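These notes concern the structure reproduced below.
The values are calculated or read from the model by the stated rules, or taken from the named source; none is laboratory data. Just so it is clear, the model here is predicted, and its values are computed rather than measured. For neighbour counting, all protein chains shown are included, and Cβ atoms are generated from backbone atoms with ideal geometry for every residue, glycine included.
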Amino acid sequence: MLRSDFFSYKTAIILAVLIVSIGVWQYTIYKGIDSATYIGKTYARTDATGLNFAAGSSFTYFYYYLGLYPLAVLDANGLDYSKNGAIKALVGGGVPLALDNSFYILWGEHGKSLLLLLDAAIKNSPEFISVRDINFLFFVLALAALAICSITTKQVALGISLVILVGSNPFLIYELYGRENIFGLGAIVLIAAFSLLMPIIFLAQKPHRFYLYGSAIFLGVMFGFIQHTRSEYTVVILSCLFVYWVTKHFAIREKLTLTALLLVSLYITTAGLEAYFTNKLKTTYTTLSQLGLASQEQIATAGNATYHTFWHPSYIGLSDFDDKYGIQWSDKMAYDKAEKYLMTVNPEKFTTLPNIEMWSVQPEYNAFIRSEIIKLISHDPLWYARIVLKRVGALFGGAAPLGLQIGPHFYKLPFSGWLFFPILAYLIWKKDVNMLTVAIFPLTLSLPIILIHASRGITNMSLYHVFGTAIVINLAVNCLKEKLKT
């Protein structure tokens, strides 16, 4: 008993020191890098806007003080950051307001605004909000969870290697700390999910059912929020389901139960947030109309979408390696392609929309773009197959480099993404199911690269090579331990 108590106490001390060390390490990176010159800038995503912080933050003032969303402040100079100040700004005039700003509301994924609202709540004011601060908080929590679960499952070499390599990833550091954006959330979600599932992967005995059920529900809730924040990262849920179904711990009934808990909690969270934002928009529009601050025409053309479109980026993404059919990475190109069809099926609607960008959220437009994608693939499957193969090549040949980040300095390590395949082959040969699961787990994060496009920095968000390297380090450490024993 004494030995057990001492070990538990010692482990708690080690974990506390490790967590503090991770926080300090990441803080020195956060505050130490110069975003203008940091190497990670060369690996940044340029394929999408992401958050559009300037626009998104303009909605936080009234959201925080009065619960009104969406209502943007177009000029924050001279704002009184208080509830009374917000009331005066709303009814007193003099502050330029708008229902949307740079199509931020139109394109949905309002969970981004919850991140900004959270930062305002933590700081007790929306005056100096920064999504980078929230990124730092979530990233440190994810790395800390990884460290804790690595030690409790006796996978120290694997876990600490992952903490160091993920925490040093130049793409992530730039996207999380170097600019006001949310492209680093995919890694945070992946690491958090992997950490929670480590006991299922590695422990000889099945974890307690309270942990199993609680973690499944937590994951569902987390992915529900991600669905409303950056929906492409929801694909990581497939990795979680993969773990449930390959583990030997569970009978079919338990696999089905965990799958159901995860998916039902995902559905409830997603539906709940959708209902929340739908009601929030409706209530805000009604309030503004009653105050005479928004006309019925403005409200009728205001943004109501809760999700980002899928078919539009999928269509223009076909231009990443090929222009055979005249497709370009251009919104205008897609709108021009659809114009004749849209003006035929519903000319009254599409001639009266105040902005062509509103086409992207219309069902007629998305139906046309979807049919165009299907038609092209059906007509020329070899063309599409070549694009997919080139995307695979870009994925494994274009990941962000591995290295060690200390403060503002990045020390690069030699590695090629193609080495992932011999690592995978070795694990298959050794029939190491646990490490195979670890190797496969991060691949889902790369699915958008294969399915949508593989250009403009998106391949850098992959983490398969980080997990592969951590596996090699883990194997080397275990081999060294065996040699020392003999």
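Some values worked out for this structure:
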{"quantity": "Helices (runs of 4 or more DSSP H) contained in the range 302-362 and holding at least 2 residues within 17 Å of residue 109 (Cα to Cα) and either out of contact with any Lys or Arg (no Cβ under 8 Å at 6 or more places or on another chain) or modelled with pLDDT of 85 or more (or both)", "calculated": "311-316"}
{"quantity": "Residue in the range 148-164 that is touching a Gly at 6+ places or on another chain (Cβ under 6 Å), under 22 Å from residue 435 (Cα atoms) and either surrounded by 20 or more Cβ atoms within 10 Å (Cβ to Cβ) or not acidic (Asp, Glu) (or both) present", "calculated": "yes"}
{"quantity": "Evaluation of residue 392 against (1) among the β-branched types (Val, Ile, Thr); (2) surrounded by fewer than 15 Cβ atoms within 10 Å (Cβ to Cβ); (3) at pLDDT 95 or above; (4) over 22 Å from residue 183 (Cβ atoms) (one fails), failing number", "calculated": "(4)"}
{"quantity": "Total residues in the range 118-131, condition crowded, with 19+ Cβ neighbours inside 10 Å and either in a helix (DSSP H, G or I) or among the polar types (S, T, N, Q) (or both)", "calculated": "3"}
{"quantity": "Among the candidates 159, 167, 178, 184, residue that is at pLDDT 95 or above, closer than 26 Å to residue 206 by Cβ and either of a type outside the set (Phe, Trp, Tyr) or touching a Ser or Thr at 6+ places or on another chain (Cβ under 6 Å) (or both)", "calculated": "159"}
{"quantity": "Check on residue 145, of a type outside the set (Asp, Glu), more than 22 Å from residue 413 (Cα to Cα) and in contact (Cβ under 8 Å) with a residue 40 or more places away in the chain", "calculated": "yes"}
{"quantity": "Residue in the range 279-292 that is within 28 Å of residue 452 (Cβ to Cβ) and touching a residue at least 40 places away in the same chain (Cβ under 8 Å) present", "calculated": "yes"}
{"quantity": "Members of the range 26-43 that are of a type in the set (Gly, Ala, Ser), surrounded by fewer than 19 Cβ atoms within 10 Å (Cβ to Cβ) and either in contact with a strand residue (DSSP E or B) (Cβ under 6 Å, 6 or more places away or on another chain) or assigned to a helix (DSSP H, G or I) (or both)", "calculated": "32"}
{"quantity": "Output for the range 100-137, where each listed residue is farther than 23 Å from residue 309 by Cα and in contact with a Pro (Cβ under 9 Å, 6 or more places away or on another chain)", "calculated": "117, 119, 120"}
{"quantity": "Given (1) more than 24 Å from residue 198 (Cα to Cα); (2) surrounded by fewer than 20 Cβ atoms within 10 Å (Cβ to Cβ), index of the condition residue 430 fails", "calculated": "(1)"}
